[in-house]
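Data block below; observations after.
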Amino acid sequence: MTTSTSTSTSTSTSTSTSTSASARPLRIAYALLDPGIGVFGTKGASVHVQEVVRALRADGHHVTVFCTRTDEHVPADLADLEVRRHRLPKGKGAEREQAVARAAADIAHEIAAGGYDLVYERYSLFSDVAARLTGSIPSILEVNAPLIAEQREHRSLVDEPAAIAATRAQLRGATLVSCVSRAVADWTLTEGADPSHVVVTPNGVNTTRITPRPEEGDGSGPVTVGFVGTLKPWHGTDVLLRALARTHGDLRLDVCGTGPQQPALEELALELGIAEKVTFRGAVAPEQVPAVLHGMDIATAPYPPGEHYFSPLKVYEYLAAGLPVVASAIGTIPAVLRDGELGVLVAPGDVDALADALDELVADPAHRARLSRAARESAVAEHGWRIRCRELLDRVLGPSVAPAGAHGAPVTARPTDAVVPAGAPVEAGA
């Protein structure tokens with residue numbers, strides 16, 4: 001069953017500001033079949049979806065979202081977004097997996113009949129929308145993680161052969177496979193993606209929505225250390241709490257987000273004797289995140305050791321907010337922070353190193369100010385979502401579809417990842 005929540009075809013942000021005579025708006029079908037991600041949810045994956053849609057609409061393209069879950073918190077600027085929800089029947093395990101596969105077939109049929117110019121799909125288990133449209137509509141398949149392994153390890157996967165078959169069909173059928181990190185790109189190659197179709201496109205940030213706080217204040221009072229993200233073990237929030245307990249300065253910790261680990265973390269704060277210094281906000285709506293960031297003096301990404309194939313949204317948001325960042329030197333983070341030019345890197349899981357880094361930044365406001373300026377400049381120049389989306393559309397359809405900047409300024413794609421430039425093809429075995 002399909003439920004359309006809006007039938008509007010024009011938006012306040014969809015008016016093209018292009019100055020290029022060759023630019024043309026596209027009709028883009030955005031497919032999101034993961035029933036764990038609501039288009040209008042609050043977690044990082046939902047924010048990711050919303051920002052890609054915003055970036056495409058801001059450049060004049062008309063976007064229709066085909067999904068299996070919406071959630072209820074619709075941002076004001078997306079209230080007129082055309083969303084066609086395919087409701088899944090209740091059920092778990094194999095029933096759920098088969099329902100997603102059936103929805104994929106229905107959605108692909110609807111897209112094929114709808115006269116769209118492009119399908120942009122966020123990779124979801126058991127979906128083969130992009131593969132079904134091979135040869136009829138150009139497609140971008142966005143891959144954020146090796147979902148089969150994640151599902152097997154952290155949730156349940158009943159019909160793994162079917163998941164593998166759909167994944168391989170998607171990877172082989174998509175016009176372009178856009179991966180958030182080199183590690184994810186390597187995984188797609190092992191699953192059969194054509195190396196000439198695979199690119200690395202890190203996550204980005206909306207630098208209009210997330211801005212630096214207006215004033216720095218008078219420097220008096222405690223320094224607020226911040227963390228934004230889901231409270232799950234692989235984010236290392238427990239490491240941050242332990243580090244805070246070993247700091248010597250006047251620090252407070254603001255934790256924005258929730259998750260299954262929250263009760264244990266609250267208990268840990270009590271055990272460490274720092275409960276009065278820690279605020280657990282819980283989940284907040286994405287539009288509230290900029291104000292939360294404005295209340296921070298230092299931001300953290302304290303990932304523990306282990307496999308790290310993410311492209312952390314939080315780090316890009318910290319940069320856009322002009323926050324000095326202390327982060328683990330793991331995965332893509334050293335490249336994003338330019339090996340320490342834009343933030344302080346510490347060994348993953350090293351509690352003492354994290355505590356020392358926080359104390360040193362607290363004691364050195366001038367260093368914090370330098371990092372703050374450099375962070376914001378980098379976010380604006382290199383990591384905007386519109387830059388990311390234009391690079392992808394250029395690759396699939398050519399530069400004529402990428403309108404000029406919001407204010408009529410021409411857009412120049414810039415390298416965004418020191419490991420593999422965004423939009424750069426990945427070579428097999430490299």
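Count of the stretch 76-105 residues, restricted to those that are modelled with pLDDT of 95 or more, part of a loop (DSSP other than H, G, I, E, B) and open to solvent by 30 Å² or more (accessible area, probe 1.4 Å), is 2.
Looking only at the stretch 106-131, residues that are free of Cβ contacts under 8 Å to residues at least 40 places away in the same chain and either of a type in the set (D, E, K, R) or open to solvent by 30 Å² or more (accessible area, probe 1.4 Å) (or both) come to 3 in all. All conditions in (1) modelled with pLDDT of 95 or more; (2) open to solvent by 40 Å² or more (accessible area, probe 1.4 Å); (3) touching a helix residue (DSSP H, G or I) at 6+ places or on another chain (Cβ under 7 Å) hold for Arg213, with the sole exception of (1). Looking at Ala185 and the list (1) part of a helix (DSSP H, G or I); (2) open to solvent by less than 30 Å² (accessible area, probe 1.4 Å); (3) hydrophobic (A, V, I, L, M, F, W, C); (4) touching a helix residue (DSSP H, G or I) at 6+ places or on another chain (Cβ under 7 Å), which single condition is not satisfied? The one condition Ala185 does not meet is (4).
Restricting attention to the stretch 188-209, the residues being part of a strand (DSSP E or B) and either without any contact (Cβ under 8 Å) to a residue 60 or more places away in the chain or in contact with a Lys or Arg (Cβ under 9 Å, 6 or more places away or on another chain) (or both) number 2.
For the stretch 111-140, how many residues meet the condition of being on the phi < 0 side of the Ramachandran plot and more than 27 Å from the chain's Cα centre (by Cα)?
At the first step, the residues of the stretch 111-140 found to be on the phi < 0 side of the Ramachandran plot are 111-114, 116-125, 127-134, 136-140.
Within this subset, residues satisfying the condition of being more than 27 Å from the chain's Cα centre (by Cα) are 112-114, 136.
The number of residues fulfilling the criteria is 4.
For the stretch 148-163, the candidate set comprises residues that are assigned to a helix (DSSP H, G or I) and exposed (fewer than 15 other Cβ atoms within 10 Å of the Cβ); within that set, the residue that is farthest from the chain's Cα centre (by Cα) is Pro161.
Quick one: which of Leu323, Leu293, Leu240 is more than 25 Å from Gln50 (Cα to Cα), at pLDDT 95 or above and open to solvent by less than 20 Å² (accessible area, probe 1.4 Å)?
On the way: Leu323 fails: more than 25 Å from Gln50 (Cα to Cα); Leu293 fails: more than 25 Å from Gln50 (Cα to Cα).
After applying the criteria, what remains is Leu240.
Out of the residues in the stretch 42-75 that are more than 21 Å from Gly384 (Cβ to Cβ) and surrounded by fewer than 17 Cβ atoms within 10 Å (Cβ to Cβ), state the one that is modelled with the highest pLDDT. Checking each candidate, the answer is Asp71.
Thr207 fulfils the conditions (1) open to solvent by less than 20 Å² (accessible area, probe 1.4 Å); (2) of a type in the set (S, T, N, Q); (3) closer than 17 Å to Leu323 by Cβ except for a single criterion, (1).
Looking only at the stretch 154-181, which residues are of a type in the set (Ser, Thr, Tyr) and touching a residue at least 60 places away in the same chain (Cβ under 8 Å)? Write out each step before concluding.
Keep residues of the stretch 154-181 that are of a type in the set (Ser, Thr, Tyr), which gives 156, 167, 175, 178, 181.
Within the stretch 154-181, Ser156, Thr175, Ser178, Ser181 qualify.
If you scan the stretch 255-272, which residues turn out to be small (Gly, Ala, Ser) and open to solvent by 50 Å² or more (accessible area, probe 1.4 Å)?
Step one: list which residues in the stretch 255-272 are small (Gly, Ala, Ser), which gives 257, 259, 264, 269.
Hit for the stretch 255-272 is Ala264, nothing else.
The values are calculated or read from the model by the stated rules, or taken from the named source; none is laboratory data. Predicted model only: the values in this text are computed from it and were never measured. Cβ atoms come from the backbone with ideal geometry, glycine included; neighbour counts cover every protein chain shown. These accessible areas exclude ligands, DNA and RNA; they are computed on the full protein's heavy atoms, side chains included. Shrake-Rupley method; radii C 1.70, N 1.55, O 1.52, S 1.80 Å.
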